[in-house]
Amino acid sequence: MLTIKTNYSLKPHNSFGLDVKAKYFVEYENADDLAEFLSNRSSMVNAQCSMFHIGSGSDLLFTKDFDGCILHSAVKGIEKIDECDGHVTLSVGAAENWDDFVAWTIAHGYYGLENLSLIPSEVGAAAVQNIGAYGAEAKDFIVSVHCVDMHTGRQVRHTKDECGFSYRRSNYKEQWRGQYAITHVVFSLPTEFHPNISYKGLSDLPTQGLTAQDVRNKVIELRRSKLPEPSQLGNAGSFFLNPIISADHYNDLRRQYPDIPHYPVTDNAQCSMLNVQCSRLKVPAAWLIEKAGWKGKSLGRAGVYHNQPLVLVNLGGATPDEIVALAAAIMEDVQHKFGITLKPEVIYLD
Ligand code: EPU
């Protein structure tokens, strides 16, 4: 089934809770509905208008009303394709709620996703953004992605390698932006539990008798202690990526700030994307923002979350301009104080 709404409020479809409108909002339940819409769209909506596909809207910043067509998948379902050699293969509808899917996998004895518990996302968007947390990323478990080409209406399948996954990115987010609508994501998950608890915060879990549900519970506890619940305080999770800087730059900063933390860069694709050498170091954006004095501060109705300054929040009734202005002020200040350019993780839409 296909539903088309006009002049539609996107407030429930962006986790910042911004009251912006889309000229058209189109929701489809399967790939055939979408293909039919794409081939007949001139009779349903203004054929010239721009199109953008959203998931749960938890990584988006609408900078104003969207004068075009927002597409949203209602493709549901979890299908077991195969189970062999200690792995299960699952094909999952793009509109499935991410955390419900994680809970379902654990309940069925399929593992690996427990570290990614409670991330606000839908399954399709999880592939676009290559969501990650606590030492795991969606790409570690994705085998392939099924899509509809929004230009031709053709159904296509991309292998994991073709998707170009790296730190919080994929080809869907960058060079293929606007080209494909994801209908299903195929995952391969181990049927035996191998705990992945080296990340700080999880490493103190007792290994004896540890279950995936224990890891899930711990991740949920950690996330709840640091990150605001979007239904209570609008936000899009980490607003910025953690930046990578040269060892020389880091050593200069350390003379002035002896406590500046750093992590080794482990993701080669991220280095090439940022056009930097992998001998460089990752610095937590949260630390830079806090050190620059922004933690808990606000500009208008846009604020910097008091427990995790990497998260910008809608303090209530914020406009897109207020969020954009706060982000710009932080970026300018961090650039000025540390010579580091922060890059937004969220997608700006105008
Ligand atoms: N920090 C501060 N002040 C704070 C909080 C953190 O200085 O108030 C510094 C500390 O040095 C801390 C470091 O930042 O050790 C890292 O903090 P944290 O472990 O909370 O992780 P993060 O790097 O800020 C990343 C992801 C999160 C993910 C967590 C846990 C990015 C952009 N963000 O945050 O992902 O949940 O690690 O794995 O990589 C998201 O993508 O939306 C997201 C929330």
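Here, each number is a calculation from the coordinates, and none is a lab measurement. Given the structure is predicted, the values throughout are model-derived calculations rather than measurements. Glycine gets a Cβ as well: all are built from the backbone with ideal geometry, and neighbour counts include every protein chain shown.
Placing +1 on each Lys and Arg Cβ and -1 on each Asp and Glu Cβ, with no other charges, gives the chain a dipole about its Cα centre of roughly 980 debye.
Shape annotation for segment 1-127: C-alpha extents along the principal axes are 50, 32, 17 Å, from largest to smallest. Going through the DSSP H helices of the chain, which span 15 Å or more along their own axis at the Cα atoms while scoring at least 0.0 as a mean Kyte-Doolittle hydropathy? Within the chain the helices that satisfy the rule are 320-338. Of interest is the spacing of the C-alpha centroids, which for segment 91-109 and segment 274-347 amounts to 32 Å. In this structure the amide hydrogen of GLY68, modeled in the peptide plane, comes within under 5 Å of the amide hydrogens of LYS23, TYR24, none closer than 5 places in sequence on its chain. Listed from fewest to most Cβ neighbours within 10 Å, the set VAL324, VAL346 follows the order VAL324, VAL346.
What percent of all Cα-Cα pairs in segment 78-223 falls into each 5 Å bin, going from 0 up to the bin containing the maximum distance? Reading upward from the zero bin: 2, 10, 20, 23, 20, 13, 8, 3, 2, 0, 0. For the chain, the antiparallel share of DSSP beta bridges with both residues in that region comes to about 80%.
When the inverse distances between all different Cα atoms of the chain are averaged and flipped, the Kirkwood radius reads 21.3 angstrom. When each of SER198, SER166, SER298, SER117 is scored by the number of other beta-carbon atoms lying within 10 Å, the sequence from fewest to most is SER198, SER298, SER166, SER117. For segment 165-237 versus segment 129-148, the inter-centroid distance based on Cα atoms is 9 Å. For LEU61, the residues whose amide H sits under 5 Å from its own are ILE347, TYR348, LEU349, ignoring neighbours fewer than 5 places away on the same chain, with H placed 1.01 Å from N. Pairs LYS21/LYS291; LYS21/LYS139; LYS23/LYS80; LYS291/LYS343: which exceed 27 Å Cα-Cα? Violating the 27 Å Cα-Cα cut-off are LYS21/LYS291; LYS21/LYS139; LYS23/LYS80. Equivalent-ellipsoid semi-axes for segment 297-342 (Cα gyration tensor, √(5λ), whole Å, largest first): 20, 12, 7.
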